[in-house]
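Accompanying notes for the structure given below.
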């Protein structure tokens, strides 16, 4: 942003410092002030000018147009050429209203223009502190939300792992039960075959005994 002091320097317009910080006096080119006549006052803190005699007043662009005698739009194009205008915004100013409401800030952001009760310098310091606080709170909120999302993700993964382990244990138990039943059934068949074999052997032995002659 171009300051009003820089505009005066570009136009080779001399400013005289006063006892007040950031305030200057000058000879009004419209009123043709001379020597100790200083009807024009310029404020570098507010970037404004005002002549107490002819009433000329305005901001930076109006001051440039007034000194050069050109229309306001021409003066604006000279100070801020199209394609080269850069306005550095505070990161907190890029947050939406909904984002600011998430951290409890529902009021409007402080305006760059100072109210009448403050000087521009005091208001700028207050505005910067407020924006810094909003941005600091938003970053802390984002960090907290990210940690909560990561924690929830870990809990979900742990729950899925526990469920998978439970299912695997249940399947192992079912397999073990099936194997036990198979072994028992196999043992039963073996005992039955053994009993049939013994019964057959006993029958054969009894038949052989009957064929032996009695003495």
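At least 2 residues that are under 28 Å from residue 13 (Cα atoms) and either in contact (Cβ under 8 Å) with a residue 12 or more places away in the chain or in the same structural domain as residue 14 (by TED's automatic domain parsing) (or both) in each: list the helices (runs of 4 or more DSSP H) lying fully within the stretch 34-141 that qualify. So that I can check it myself, show each step before the final result.
Numbers: elements: 60-68, 72-79, 97-102.
Result: 60-68, 72-79.
How many of the residues in the stretch 1-43 are surrounded by 14 or more Cβ atoms within 10 Å (Cβ to Cβ), within 25 Å of residue 81 (Cβ to Cβ) and modelled with pLDDT under 85?
Residues meeting the conditions: 1.
The values are calculated or read from the model by the stated rules, or taken from the named source; none is laboratory data. Model, not experiment: these values are computed from the prediction. Virtual Cβ from ideal backbone geometry, glycine too; neighbours counted across all protein chains shown.
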